[in-house]
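These notes are about the structure you will find just below.
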Amino acid sequence: MVIEVKLDDEEQKFFLPFNGGSIYNPMLLPYLQVDRRIGLLSNKRFLEQFSGGMGSFNNTHFGEINDLHISEVSVVIPTKNEEKSIGTCIEKIQKVFEQYNIDGEIIVADNSTDRTPEIAKELGAKVVVPDKMGYGYAYQYGISHASGHYIVMGDADNTYDFGDIPRLLEPLKNGEADLVMGSRLKGKILKGAMPWLHQYIGNPMLTLCVNITHNSNISDCHSGFRAFTRESYDRMGLKTTGMEYASEMVMRALTKGLRIVEKPITYYPRVVGSEPNLNSFSDGWRHLKFIFLEAPNFLFILPGAILSILGMMLVLMIWAPFNIWDVNLGPHSMAVGSLFAIMGYQVLFLGLFAKLYSIKHDLRSHDYMTRFIERHVSLERGITAGMIIFLAGFIFALYLAWNWVNSGFMHLPVLDQYIAGITLMVLGLQTVFNSLFISVIDG
Ligand SMILES: Nc1nc2c(ncn2[C@@H]2O[C@H](COP(=O)(O)OP(=O)(O)OP(=O)(O)O)[C@@H](O)[C@H]2O)c(=O)[nH]1
Ligand SMILES: [Mg+2]
């Protein structure tokens, strides 16, 4: 099928092969909005409105839309050399479609070098070939070719029972959920289905990390058997290309406030002879890295706060009228404290930058901290506060230098006072430049 897309400003026509062709075609990159429209094309309401004639959406016009079949359910399966099991999976799905009278399509996003695509095609699945490797990319690519209002994702290694599709769809159809996750932990993991390293360490640890960083209570964040609506998928805006896609989906759903429901499922061993694609350590690390890079409170705000409080305490303690544990703190510990405070202050700002950046790119919503900044802090106020802090330190340092000159260069300024002055100057300058940087991010 060919869709004709005409952009107003360019008066150009693009023929996008919707079937089999790549919407990630680099030619189209400058017209990413076209890419998004393709997503919208599979939105039923949009089609009802525009198909059969010229339609317009913002500044984009669609020509004739012919031969477009909209399915109720699209089952998307990524495959990398799964010739031993793909056939069974497709047949199971077709049986479910028939038994439950579901108007469904099966899309196989394939990067195999074996007979997987031929088998899938023979059985009537739609095979698309992602132009890049990766589990996440295969889903992005496969889903961009899916027309269903409901999308089901599952592996091709026959480790999930596609007979459970209706159970996963139920909460979506009832309007109780936006994302339904098959949970192996609430269900059953059969013997030999999951290596113990994944079952008892990797999965629980990564799931715990997601739950702690997102204040959630998901039992199995890495189950690959899920169902969601097209609309929820568009809202999640997933970008990762590797195995961490599984984490990204849960995290985005949580930050976007989508309703997640878990359904117990059984996890079966892979077919004998088929090769796993998951690498325990490199993929585990990709997940962990992604989870923490998305959690500025844990990555920056918490360590930044600890460092700055510790630093400030060290600085203040040398002026305290008492000794703690009989330790005499002097200028040396103060220098360490000052460096900690400066470092901590900067790390706190990095957390704020990360949050503002994610908000700007619609990856998270405002929290207490960013809302406060948005309401009460402006570039001018930031610069003014920074300059006041800087000037306080500068004037104090000048006063110390003045005393030194007046003493005929005899009495060097007291080291701790000098450190205090310079610390204030540095904190002030940090405030000025960080405020400027916030404005750069915020645009
Ligand atoms: N198209 C495509 N599919 C992939 C790629 N990597 C993995 N897959 C498929 O994604 C699904 C999940 O991969 P699996 O290797 O089963 O990963 P897993 O289920 O997390 O782990 P194990 O089954 O324990 O190995 C399978 O159907 C794979 O064939 C890829 O780079 N491209
Ligand atoms: Mg698997």
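The values are calculated or read from the model by the stated rules, or taken from the named source; none is laboratory data. Computed from a prediction, not measured in an experiment: that's the story for all the values here. Reconstructed Cβ throughout: ideal geometry from the backbone, glycine too, with neighbour counts over all protein chains shown.
Take the conditions out of contact with any strand residue (DSSP E or B) (no Cβ under 7 Å at 6 or more places or on another chain) and closer than 22 Å to ALA305 by Cα and apply them to LEU398. Does it pass?
So LEU398 does not fit the description; no.
For region 91-178, which helices (runs of 4 or more DSSP H) that fit wholly inside it have 3 or more residues that are within 16 Å of ligand 2 (Cβ to nearest atom) and either modelled with pLDDT of 95 or more or among the aromatic types (Phe, Trp, Tyr) (or both)?
In region 91-178, 135-144 are the helices (runs of 4 or more DSSP H) which contain 3 or more residues that are within 16 Å of ligand 2 (Cβ to nearest atom) and either modelled with pLDDT of 95 or more or among the aromatic types (Phe, Trp, Tyr) (or both).
Which one is nearest to SER358 (Cα to Cα) among residues in region 263-280 that are among the polar types (S, T, N, Q) and near ligand 2 (Cβ under 10 Å from one of its atoms)?
This residue is ASN277.
Quick check on region 345-363: of everything there that is of a type in the set (Ser, Thr, Tyr) and touching a helix residue (DSSP H, G or I) at 6+ places or on another chain (Cβ under 6 Å), which residue is farthest from PRO303 (Cα to Cα)?
Out of the qualifying residues, it is TYR357.
Picking from THR116, THR159, which residue would you name as being in contact with a helix residue (DSSP H, G or I) (Cβ under 7 Å, 6 or more places away or on another chain) and within 30 Å of LYS188 (Cβ to Cβ)?
THR116
For every residue, the table says whether it meets (1) within 30 Å of the chain's Cα centre (by Cα); (2) small (Gly, Ala, Ser); (3) closer than 15 Å to GLY393 by Cβ.
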| residue | (1), (2), (3) |
| --- | --- |
| LEU412 | no, no, no |
| GLN417 | no, no, yes |
| GLY421 | no, yes, yes |
| GLN430 | yes, no, yes |
| ASP442 | yes, no, no |
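Out of all the residues in region 307-324, is one or more of a type in the set (A, V, I, L, M), surrounded by fewer than 15 Cβ atoms within 10 Å (Cβ to Cβ), assigned to a loop (DSSP other than H, G, I, E, B) and at pLDDT below 85?
yes
So if I check each of GLU275, GLU176, GLU244, which one is closer than 24 Å to GLU72 by Cα and in contact (Cβ under 8 Å) with a residue 24 or more places away in the chain?
GLU176
How many residues does region 261-287 hold that are modelled with pLDDT under 90 and either more than 16 Å from PRO195 (Cα to Cα) or more than 25 Å from the chain's Cα centre (by Cα) (or both)?
Of the residues in that region, 8 qualify.
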